[in-house]
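Here's the structure we're looking at; comments come further down.
The values are calculated or read from the model by the stated rules, or taken from the named source; none is laboratory data. Remember, it's a predicted structure, so these values are computed and weren't measured experimentally. Note: ideal-geometry Cβ built from the backbone for every residue, glycine included; neighbour counts use all protein chains shown. The protein model used for the area step is the full one, side chains on, heavy atoms only, and it has no ligands, DNA or RNA in it. Shrake-Rupley method; radii C 1.70, N 1.55, O 1.52, S 1.80 Å.
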Amino acid sequence: MKYKIYPILLLVPFILNGQNRHYNLKEVTFEERRPLKEIGVVKVKFDSLMLKENIALSMADILAYNSSLFVKNYGRATLSTVSFRGTSSSHTQVLWNGIPINSPMLGMTDFSQIPSYLIDDASLLYGSSSVGETGGGLGGLVSLGTKEQEDDGFDVGYIQGAGSFRTFDEFLRIGYKNDKFSTRTRVVYSSSANDYSYTNYDKKVNIYDENKNIIGQYHPKEKNRSGAFYDFHILQELWYDNHKGDLFSLKAWYMNSDRELPLLTTDYGSDIAFENKQREHTLRIVSSWNHRKSNWQINANIGYVNSWLGYDYKRDNGSGEMIIMTCSRNKINSYFLHAGGEYSPVHQLLFSVNADVRRHNVNNTDKTLSSSNNVNVIDGYDRGRTESSFSESVKWQPIDRFGISGVLREEIYGNKKPILIPAITLDGVLCKRLGLVTRASVSKNYRFPSLNDLYFFPGGNPDLKSEKGITYDVGVSYNLSKLTGFKLSGGLNWFESWIDDWILWLPTTKGFFSPENVKKVHSYGIETNLALGFAFYKNLFLDMNGSYSWTPSINDGEPTSPADKSVGKQLPYIPEHSSSITGRLTWRQWAFQYKWCYYSRRYTMSSGDVTLSGRLPVYYMNNVSLERKLTFKKLDLNLKLAVNNLFNEDYVSILSHPMPGINFEFFIGILPKF
């Protein structure tokens with residue numbers, strides 16, 4: 001039996017809150033700030049409770065349950081991408097400590113490869129709000145960062161997790177900080193057989209009588225095959241503060257991932273007759289310098305990313321010998337240089353300038369088995385591209401209740417002509433007592449084609465144009481934090497975007513796909529968010545966050561052929577409705593958390609046909625956890641039980657990729673005291 005939960009919070013208009021929110025659960029106190037540099041910005045910031053919920057979660061899980069973004073994933077430890085406002089995953093820009101980590105080859109980021117326990121600071125910037133940070137975010141920006149530990153002295157912590165499907169997670173943190181210097185090392189290791197059971201609704205097994213007549217059918221129970229994985233991450237950070245206004249930092253993050261790719265539900269082959277595996281080794285390094293004075297600051301970053309990605313697909317030829325069907329090797333080297341500064345001659349005025357240069361080199365090699373002569377064929381490309389960006393902004397607050405911001409960004413890639421990206425944002429305080437603020441913005445933005453779009457063999461199209469879009473936002477928010485032990489913030493935000501020259505890979509008469517600038521997309525809708533904090537009485541606190549998005553994303557272009565039925569239809573795999581709710585109840589040393597998320601029906605074909613394979617059913621998910629903290633003289637212990645898919649729903653996020661039913665994981669955290 002399936003259970004569907006419709007939380008009452010979905011009926012409340014609750015919005016994107018651009019204010020920073022700080023609170024102490026023990027006292028439930030709140031502080032409200034309206035920074036000059038965030039005039040008109042639509043921003044959602046995640047607190048440490050969300051990010052450090054448990055070591056088994058990636059940033060894909062955090063975004064799915066704490067925002068209304070659409071997270072498209074194939075299951076744990078498989079590709080997970082994020083999209084804003086009905087756009088694609090390549091329209092979401094991602095920064096890590098100030099450097100972009102979108103793949104220059106694919107144009108997107110795999111959020112399943114980002115453990116939430118390695119992130120200390122995470123925020124979402126929607127639409128026009130992203131232009132001040134980077135270009136290319138036609139949907140928005142996910143900004144991720146790390147921070148040094150707050151207290152001086154040693155900081156050590158270890159967490160062990162064990163769960164269903166032979167899943168094991170481990171986390172180790174070792175840090176030290178004194179007056180000028182601090183260092184911290186964090187290690188995450190996860191592994192799982194990932195062999196959960198599911199009902200395969202894409203297959204039917206016949207039931208025969210004694211005369212071999214079919215008298216019935218049923219859907220078989222199967223196990224997830226070829227889904228095992230292990231992921232290893234190590235993050236090393238160093239900081240030095242000379243107390244003369246200079247802060248230096250060096251951060252290095254290495255990842256080693258080995259993942260099998262699960263069979264489809266429609267695959268009848270034996271899982272021992274093939275090998276389907278993806279491996280990745282990635283090193284990210286960023287060195288930063290920040291010099292700050294009372295009314296100005298300058299900063300510089302140097303970054304480097306090296307990635308090696310391998311994909312192997314082999315099959316048994318019938319004699320027990322494994323034949324290479326596909327052997328893909330990709331090497332990526334990216335170099336980053338950033339310099340910027342801010343100057344505030346008076347507290348109502350802020351000038352900013354930023355300059356970035358990026359160089360990407362990609363070597364792609366694919367060895368495939370030719371179907372015509374059964375001989376391995378080697379294809380690929382070896383290309384490089386230089387990208388540069390320069391931006392300047394002015395933020396002015398002529399009176400306390402009103403502010404205006406203007407950003408002009410210039411982007412250049414390869415030998416193309418410079419592209420100008422302007423953005424204007426406004427905000428005004430309507431009522432200080434209620435924290436009532438109204439916002440509006442307009443911007444134009446562009447996204448460069450990825451290197452695969454341009455040069456992938458076969459099919460790359462070097463004549464592709466950049467995707468371009470224009471976005472409007474208008475909204476209102478409120479913030480009630482004057483009452484002792486209570487806070488409520490929320491509101492409503494409307495957006496509308498037109499994106500031209502949308503890049504889409506289409507089949508050709510030559511038997512392969514090729515990208516074309518074929519679509520004109522109209523995306524619009526409402527985004528809402530609610531944050532609630534409440535103290536019932538001493539030692540009993542409730543903290544809740546909810547979000548909802550209505551995002552029609554319609555193909556508004558011309559038909560590409562007489563058979564093209566996509567015009568006027570919702571884009572594939574983009575839900576029109578999405579929502580999430582997280583609630584945390586704390587009493588003394590106990591904490592109970594409930595998480596819920598929802599996606600409406602998604603279409604798998606651009607025609608929007610309602611067929612068995614042309615749509616995915618409504619998606620509901622319920623997770624709970626119970627946590628207990630034990631305090632001793634020498635150390636603290638944290639015990640936590642997490643239950644995922646509480647009502648054992650049968651569901652899919654991607655066609656033919658079933659997700660696990662109810663499953664459990666237990667965590668024990670050890671925090672020594674120094």
- Query: Within segment 83-97, which residues are open to solvent by 10 Å² or more (accessible area, probe 1.4 Å) and modelled with pLDDT of 95 or more?
  - Reply: Gln93, Leu95, Asn97
- Message: Among the numbered criteria (1) open to solvent by less than 60 Å² (accessible area, probe 1.4 Å); (2) over 24 Å from Arg584 (Cβ atoms); (3) charged (D, E, K, R), which one does Glu649 miss?
- Response: (2)
- Message: What's the number of the only condition in (1) farther than 19 Å from Ser287 by Cα; (2) under 11 Å from the mean Cα position of the chain (by Cα); (3) of a type outside the set (S, T, N, Q) that Leu144 fails to meet?
- Response: (1)
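Mind counting the residues in segment 409-435 that are part of a strand (DSSP E or B), under 23 Å from Pro35 (Cβ atoms) and open to solvent by less than 50 Å² (accessible area, probe 1.4 Å)? Can you show your working first?
Just the residues of segment 409-435 that are part of a strand (DSSP E or B), to begin with: 409-413, 419-431.
Still in the running and under 23 Å from Pro35 (Cβ atoms): 409, 421-431.
Subset that is open to solvent by less than 50 Å² (accessible area, probe 1.4 Å): 409, 421, 423, 425, 427-429, 431.
Total meeting the criteria: 8.
Would you check if there is a residue in segment 659-670 being under 22 Å from the mean Cα position of the chain (by Cα), open to solvent by less than 30 Å² (accessible area, probe 1.4 Å) and not acidic (Asp, Glu)?
If we filter segment 659-670 for residues that are under 22 Å from the mean Cα position of the chain (by Cα), which is where we start, we get 659-660.
Now restrict to residues that are open to solvent by less than 30 Å² (accessible area, probe 1.4 Å): 659-660.
Subset that is not acidic (Asp, Glu): 659-660.
Yes, segment 659-670 contains at least one residue that is under 22 Å from the mean Cα position of the chain (by Cα), open to solvent by less than 30 Å² (accessible area, probe 1.4 Å) and not acidic (Asp, Glu).
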- Note on the structure: Taking segment 227-281 and the residues there that are more than 30 Å from Asn317 (Cα to Cα), in a strand (DSSP E or B) and of a type in the set (D, E, K, R), the one that is most open to solvent (accessible area, probe 1.4 Å) would be Asp241
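Could you list all residues from segment 466-483 that are over 27 Å from the mean Cα position of the chain (by Cα) and open to solvent by 50 Å² or more (accessible area, probe 1.4 Å)? If you could, list the steps in order and put the result at the bottom.
Just the residues of segment 466-483 that are over 27 Å from the mean Cα position of the chain (by Cα), to begin with: 480-483.
Correct list: Leu480, Lys482, Leu483.
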- Task: Count, please, the residues in segment 170-201 that happen to be more than 22 Å from Leu79 (Cα to Cα) and either modelled with pLDDT under 90 or open to solvent by 70 Å² or more (accessible area, probe 1.4 Å) (or both).
- Result: 6
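Report those strands (runs of 3 or more DSSP E) wholly inside segment 484-588 carrying at least 3 residues which are in contact (Cβ under 8 Å) with a residue 40 or more places away in the chain and open to solvent by less than 40 Å² (accessible area, probe 1.4 Å).
Numbers: elements: 486-507, 513-537, 540-550, 553-555, 577-587.
Strands (runs of 3 or more DSSP E) meeting the threshold: 486-507, 513-537, 540-550, 577-587.
Being open to solvent by 60 Å² or more (accessible area, probe 1.4 Å) and either over 30 Å from Tyr176 (Cβ atoms) or in contact (Cβ under 8 Å) with a residue 12 or more places away in the chain (or both) is the filter here; which residues of segment 626-646 pass it?
Quick first cut of segment 626-646, residues open to solvent by 60 Å² or more (accessible area, probe 1.4 Å) only: 626, 628-629, 631-634, 641.
Leu626, Arg628, Lys629, Thr631, Lys633, Lys634, Leu641 - these are the residues of segment 626-646 that are open to solvent by 60 Å² or more (accessible area, probe 1.4 Å) and either over 30 Å from Tyr176 (Cβ atoms) or in contact (Cβ under 8 Å) with a residue 12 or more places away in the chain (or both).
Residue by residue, here is whether (1) modelled with pLDDT of 95 or more; (2) open to solvent by less than 50 Å² (accessible area, probe 1.4 Å); (3) in contact with a helix residue (DSSP H, G or I) (Cβ under 8 Å, 6 or more places away or on another chain); (4) not in a strand (DSSP E or B) holds:
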site	(1), (2), (3), (4)
Lys314	no, no, no, no
Ser328	no, yes, no, no
Val353	yes, no, no, no
Arg358	yes, yes, no, no
Asp366	no, yes, no, no
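Would you mind finding the one in Ile298, Ile234 that is free of Cβ contacts under 8 Å to residues at least 60 places away in the same chain, closer than 20 Å to Ser182 by Cβ and within 30 Å of the chain's Cα centre (by Cα)? Talk me through it step by step, then tell me what you get.
Working: Ile298 fails: closer than 20 Å to Ser182 by Cβ.
The conditions single out Ile234.
With the condition kept exactly as written, say whether any residue in segment 448-465 is crowded, with 16+ Cβ neighbours inside 10 Å, assigned to a strand (DSSP E or B) and within 28 Å of the chain's Cα centre (by Cα).
Residues of segment 448-465 crowded, with 16+ Cβ neighbours inside 10 Å: 448-456, 459-461, 464.
Remaining after also requiring assigned to a strand (DSSP E or B): none.
So far as segment 448-465 goes, no, none of its residues is crowded, with 16+ Cβ neighbours inside 10 Å, assigned to a strand (DSSP E or B) and within 28 Å of the chain's Cα centre (by Cα).
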- Query: Looking only at segment 27-58, which residues are within 30 Å of Ser393 (Cα to Cα), aliphatic (A, V, I, L, M) and at pLDDT 85 or above?
  - Reply: Ile39, Val41, Val42, Val44
- Item | Matching residues in segment 615-624 - criterion: being open to solvent by 10 Å² or more (accessible area, probe 1.4 Å) and within 23 Å of the chain's Cα centre (by Cα) | Pro617, Val618, Tyr619, Tyr620, Asn623, Val624
- Message: Could you go through segment 195-209 and let me know if any residue there is outside any strand (DSSP E or B) and aromatic (Phe, Trp, Tyr).
- Response: yes
